[in-house]
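Heads up: the structure comes next, in structure tokens.
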Amino acid sequence: MVRVRFAPSPTGFLHIGNARTALFNYLFARKNQGKFILRIEDTDKERSKKEYEIAIMEDLKWLGIEWDEGPDIGGDYGPYRQSERLNIYKEYAEKLLKEGYVYKCYCTKEELEEMRKTAQEKGLPPGYSGKCRYLTREKISEYEREGREFVLRFRVPEEKIEINDLIRGKVIFEGEHLTDFVIMKSDGTPTFNFAVVIDDYLMKITHVIRGEDHLSNTPKHILIFKALGVDLPYFAHMSMTLGPDRTRLSKRHGATSVRAYREQGYLPEAFFNYIALLGWGTSESREIFTKEELINEFSIERCHKASAVFDPEKLLWMNSYYIKNSPIDRIYELSLPFLKSSGLINGIDENKKEYIKKAISLEQEKIKTLKDVPYLIEFFMKEPEYEKENFDKLINQETKGILKEIVEIFERMESFKREEIENIVREFCKEKNYKTSFVFHPLRFAVSGRTKGPDLFGMLELLGKAKVIERIKKLL
Ligand code: GLU
């Protein structure tokens, strides 16, 4: 049974790179009828915040990445928050201490600093010198009497460490670069490297799929797994996500959190589809996939070794593609928060629902993000304002005369349907020998206050005869 996990540290909003890690784990689990576990790695008390934990979960849910076990829903291998597992880490640390895999290190901050300096001067690799590895019993009693604090350090053996990474192939870590590392801090809390291994072991994780930035931690993890005497999981280290300038994706590149894209009006399905293509793809370089298709197609072997480049332009294109191809009901529902926050609507007025939906559908082709919706449909809901510059350009004695005649024509119309309006206005142009644009532009401006917009006749039909006449008269 495949069991994978996404293990965010709640120290900020869900980052695009982390969302992709979550997504790949999720797709892999679903593809293999396995389990996807959410584990919150909150042992860093200073930086971990409850509100980020909540936000990460909300954003995963928004993306449609559901977990089978996690801090909110529990599961057989909980608790799923590291801060609630401190006893477990302690227990395993004591076991490793008893068995001699780890030792107490009493070095003070100053001593460690001294050590670092000496290594630097001698041109030796940085890291722990092994000073407390072989302390005499007397020395230990002396330190204990002094009440010195201690950490637990792993006794790194001199051996070559090797893994067969599912994405990167054979990776060899030369043991000598690794020095004895801390697994338990002096306050009795575990280091990141220790907690990860204990959890992956106890939660029966079969595949560790994570970012390449963790590759350098992997030899430490392997040593701990071996000391515990348990089987290693498979490892797959995914390539990093870079910005368009090929440097590591960061705030400099603009929005990097899922939350920011959500607030800018991206569709979850577009975002889901787009991030799936960051460092993964099928051979025919197809781009549009539903969630089900991605689950079917996903395989770790198809993950690229080379870094992925995040391209906001392409994401925007994909978003507008999804907007164009979504049922209007969905776009309406997703637009509601944007319409509310823009002040265009307060609450959902059932009578207006169909009207708003039609307005949105007239603009659907043009919407790039949901944030565009309020502006695009504003004139359907509010009286237009006439900007002087355009007014002067479009409205003069002659066009006023035209608009007057159009009002008269409209007044005589019994029904006010798109086709009929178009026929009658075109007929009018022909009769009077006007270029259609000479009539259409002032008409559009009069009813919407805009020089651009959706299909003119569809827009007139939706606004309705009375409103159209009222607005033209007001402008005149
Ligand atoms: N908590 C780690 C992070 O946020 C992930 C650890 C792991 O996947 O092994 O980067």
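Might you tell me the accessible area per residue for the chain, computed with a 1.4 Å probe and given in Å²? Walk me through the intermediate numbers first.
Numbers: 24100 Å² over 476 residues.
Counting only protein heavy atoms, the per-residue value for the chain is 51 Å².
Long-range amide H contacts for M184: which residues qualify at under 5 Å (H placed 1.01 Å from N, peptide plane, sequence gap of 5 or more or a different chain)?
Distant-sequence amide H within range of M184: L152, T191.
May I have the convex hull volume per residue, in Å³, for the Cα set of segment 40-155?
Numbers: hull volume 20.3 nm³, N = 116.
Enclosed volume per residue, from the Cα hull, is 175 Å³.
Please list the non-local residues whose amide H lies under 5 Å from the amide H of Y234, H modeled 1.01 Å from N, same-chain partners needing a gap of 5 or more.
H207, V208
Stokes-Einstein at 25 °C, 0.890 mPa s, Kirkwood radius from Cα pairs: D for segment 92-134 in µm² s⁻¹? Intermediate values should be presented prior to the final figure.
Values: Rh = 11.7 Å.
So the translational diffusion coefficient is about 210 µm²/s.
Treating segment 383-454 as a set of equal point scatterers at the Cα positions, no solvent, please give the Debye-formula log₁₀ I(q)/I(0) at q = 0.12, 0.13, 0.17 Å⁻¹.
Here the Debye-derived log intensity ratios amount to -0.32, -0.38, -0.65.
List the equivalent ellipsoid semi-axes of segment 325-409 in whole Å, largest first, each obtained as the square root of 5λ for an eigenvalue λ of the Cα gyration tensor. Can you show the working numbers first?
Details: eigenvalues 188, 41, 35 Å².
For segment 325-409, the ellipsoid semi-axes come out as 31, 14, 13 Å.
May I ask you to evaluate 6.51 cos²θ - 1.76 cosθ + 1.60, the Karplus curve with θ = phi - 60°, for each residue of segment 222-234 and list the ³J(HN,Hα) values in order in whole Hz, giving x for glycine and proline?
Result, rounded to whole Hz: 4, 4, 5, 4, 5, 5, 6, x, 10, 5, 7, x, 6.
Can you list residues whose amide H is under 5 Å from F173's amide H, if they're 5+ apart or on another chain and H is modeled 1.01 Å from N?
Hits under the 5 Å cutoff: I161, E162, I163.
Ratio of Rg to Rh for the chain, alpha carbon only, Kirkwood?
On the way: Rg = 32.0 Å, Rh = 27.2 Å.
So for the chain, dividing Rg by the Kirkwood Rh gives 1.18.
Calculated from DSSP H runs of 4 or more alone, at -39500 (n - 2.57) each and per residue, what is the 222 nm mean residue ellipticity of the chain, nearest 500?
Numbers: 20 runs with 231 residues, N = 476.
Dividing the helical sum by the residues of the chain leaves -15000 deg cm²/dmol.
Work out the charge dipole of the chain with +1 on the Cβ of Lys and Arg and -1 on the Cβ of Asp and Glu about the Cα centre, then indicate which of L267, P312, F13 is farthest towards its positive end.
After comparing all options, I get P312.
Provide, for q = 0.18, 0.19 Å⁻¹, the log10 of I(q)/I(0) from a solvent-free Debye sum over equal Cα point scatterers in segment 130-245.
Summing over Cα pairs of segment 130-245 leads to -0.99, -1.07.
Each residue of segment 394-409 in order: what ³J(HN,Hα) in whole Hz does its phi give by Karplus 6.51 cos²θ - 1.76 cosθ + 1.60, θ = phi - 60°, with x for Gly and Pro?
Computed from phi, the couplings for segment 394-409 are 9, 10, 9, 3, 5, 5, 4, x, 4, 4, 4, 5, 5, 4, 4, 4 Hz.
What area, in nm² and to one decimal, does the C-alpha convex hull of segment 149-197 cast on average over all directions? Walk me through the numbers on the way to the answer.
On the way: hull surface 16.8 nm².
Its average projected convex-hull area is 4.2 nm².
Report P(r) for segment 91-170: all Cα-Cα distances, bin width 5 Å, range 0 to the bin holding the largest distance, values in whole percent.
Here the calculated profile for segment 91-170 is 3, 12, 17, 18, 18, 13, 10, 5, 2, 2, 0.
Per residue of segment 451-460, what does 6.51 cos²θ - 1.76 cosθ + 1.60 with θ = phi - 60° give for ³J(HN,Hα)? Whole Hz please, x for Gly and Pro, Karplus curve as stated.
9, 10, x, x, 2, 4, 6, x, 5, 5
So, in nm, how far is label E263 from label E365 when the simple model puts each one 7 Å beyond its Cα toward the Cβ?
Modelled inter-label distance: 3.3 nm.
Could you tell me the convex hull volume per residue, in Å³, taken over the Cα atoms of segment 201-289? It would help to have the intermediate numbers written out before the result.
On the way: hull volume 13.7 nm³, N = 89.
Residue-normalised Cα hull volume stands at 154 Å³.
So for the chain, taking the charge dipole from beta-carbon charges (+1 Lys/Arg, -1 Asp/Glu), which of G64, H221, P244 sits furthest toward the positive end?
P244
The values are calculated or read from the model by the stated rules, or taken from the named source; none is laboratory data. Bear in mind that the values here come from a model prediction, so they are computed numbers and not experimental data. All Cβ positions, even for glycine, are placed from backbone atoms using ideal geometry, and neighbour counts span all protein chains on display. We work out accessible area using only protein heavy atoms, side chains counted, and drop any ligands, DNA or RNA first. Shrake-Rupley method; radii C 1.70, N 1.55, O 1.52, S 1.80 Å.
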